[in-house]
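Bear in mind these aren't lab numbers, they're just calculated from the coordinates by the rules spelled out. Keep in mind that what you see is a predicted model, and the values were worked out from it rather than measured. All Cβ positions, glycine included, derive from the backbone under ideal geometry; neighbour counts span all protein chains shown.
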Amino acid sequence: MGKPKFYDFCVHAIPDGDNTAPELAALALHFGYSGITLANHSDKLPQSRHVLSSTDGFEVFKGIELVEENPSKLNGLIGKFRKSVDVLIVHGGSETVNRAALENPRVDILNHPAFDKSSGLNQVLAKAAAENGVAIGLTLRPLLNSRGSRRIRLLSDLRANLELARKYEVSLVLSSDAMSCFDLRSPMETLALAEVCGLEEDEAIDAMSTVPEKIISRNRPGPGYIREGVEVLEEGDYF
């Protein structure tokens, strides 16, 4: 097995974050990532699309993190942006939003599911996530920027959701949720932090490598793709 490729699937650029897309991409490449997803919140999208030149072995994916408290409007936003992005994330934080996201197979990742005194997930929602192929996002920035009781609560929520994800075989995506270059961490630092948070090494690697690759593969069908479940195979593709 070759060396895994690592991805940070939630990075926020200007005007959502403090740094430009090229600055974030350059630092991520320096840290050893194979790609990042620029996923500004839907209420802080750039006025014009950033055009970044591709670098051999590194790619910037187009993403979005939808922010909407009304489930009906959220579904409308999912339909609006689904075909135009590589990675579609929903910013959770209430039972109704979490449910709407996890029951919609067009969603790739649910970030920030916790609210009030709840980790944001339960058995019903975990089953929905598994059935619809929606990954649960584990984001490091809120944890690293918190202190005291707030950090303890975030760790408790993360571990509760991790247990549910393991039980129901829900995919996980581990990301920085960076708002600036100062929030980015190298893959090795991220893996170390993930283990402190309770993830096994193989779980953390999958959450930064295998699962992101599956999301991109699903959202970027091959040239023989016709529709879901139907694909034209060229000679030599059968074996």
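Here are the numbers for the structure shown:
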read-out: Calculated FRET value between TYR168 and ARG220, using beta carbons and R₀ = 25 Å, to 0.05; value: 0.40
read-out: Value of D in µm² per second that Stokes-Einstein yields for segment 1-149, Kirkwood Rh from Cα pairs, at 10 °C (1.306 mPa s); value: 98 µm²/s
read-out: Partner lysines for LYS167 [C-alpha distance under 23 Å; skip if fewer than 8 residues away on the same chain]; value: LYS117, LYS127, LYS214
read-out: For segment 159-217, convex hull volume per residue from C-alpha positions, Å³; value: 93 Å³
read-out: Where labels lie 7 Å past Cα in the beta-carbon direction, separation of ILE14 and GLU69 in nm; value: 3.1 nm
read-out: Mean separation of Cα contacts under 8 Å, 6 or more apart, over the residue count of the chain: relative contact order %; value: 20 percent
read-out: The chain: calculated mean residue ellipticity at 222 nm from DSSP helix runs of at least 4, using -39500 (n - 2.57); value: -11500 deg cm²/dmol
read-out: Whole-number D in µm² s⁻¹ for segment 64-223, Kirkwood Cα-pair radius fed into Stokes-Einstein, 20 °C, 1.002 mPa s; value: 135 µm²/s
